[in-house]
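Read through the structure below, which is laid out as structure tokens, and then see the notes.
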Amino acid sequence: MSHELDFSKGKAAIAYTGDLPWHKYGTYFEKGFTSEEALKHAGLDYEVELQELSTGSQVLDSHKAVVRTDTDNVLGVVGNGYEPLQNKDAFRFFDALVDGKEARYETAGALKGGRQIWLLAKIKGQIPIHRDDIIEKYFLLTNRHDGMGSVAGRVTPVRVVCWNTLTAAINHK
């Protein structure tokens, strides 16, 4: 599926407010949601841990597996310097912005079995272009559990609801 939403817990790992995402999956919140609700209802209330890698008789000392603790799925292989950032800890950063009423959570979710997660906040105000043509402003937080990237934040005009829109938001200049 091109949306790459995580279904590890039996339903799509996405929460949203506002317009229904194009793929028609997710848990809808009429009046927005908190980061705690995002963790629970977007399927992000899991943790990851590092585990040894072995070939049966030999332990590989230079790398570890990143394992999702609720499913025991290996999300990636990382070097010894990697320290996982749990979803709940990544989201705490955003709470100050939302608690200050400068933004509200718009979407949150997990992709590719939980290898990558996002939390998107809609920032107050809009950018008018011409007459009824406007651009919304969002702040995007992403985190990876596969060793292919780190936690990142950025301003974007793209409403993230899946892998395709996340890629567009990350690549937007």
How would the chain be classified by its alpha-carbon gyration tensor: rounded, prolate or oblate, with rounded meaning a/c under 1.5 and the a/b versus b/c comparison settling the rest? prolate
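Let me have the relative contact order for region 1-123, percent, based on Cα pairs under 8 Å that are six or more residues apart. Walk me through the numbers on the way to the answer.
Values: 219 pairs, mean separation 34.7, N = 123.
Answer for region 1-123 is 28 percent.
Determine the alpha carbon to alpha carbon distance for each of Lys112/Lys137; Lys64/Lys124; Lys64/Lys137 and list only those over 30 Å.
Distance filter (> 30 Å) returns Lys64/Lys124; Lys64/Lys137.
Suppose a student asked you for the relative contact order of region 21-70, using Cα pairs under 8 Å spaced at least 6 residues apart; what percent would you report?
It comes to 29 percent, rounded to a whole number.
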Quick check on region 92-173: take the gyration tensor over C-alpha atoms, sort the square-rooted eigenvalues as a ≥ b ≥ c, and tell me if it's rounded (a/c under 1.5), prolate or oblate. oblate
Distance between the C-alpha centers of region 43-104 and region 1-19? Whole Å please. 19
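Using a 1.4 Å probe on the protein heavy atoms, what percent of the accessible area of the chain belongs to carbon and sulfur? The partial results should precede the final answer.
Details: 4770 of 9470 Å².
For the chain, the apolar C and S fraction of the accessible surface comes to 50 percent.
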Can you work out the accessible area per residue across region 39-173, with the rest of the protein chains kept in place, probe 1.4 Å, in square angstrom? 54
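The values are calculated or read from the model by the stated rules, or taken from the named source; none is laboratory data. This is a predicted model, so every value here is computed, not measured. For the accessible areas, the whole protein counts, side chains as well, though only heavy atoms, and no ligand, DNA or RNA atoms are used. Shrake-Rupley method; radii C 1.70, N 1.55, O 1.52, S 1.80 Å.
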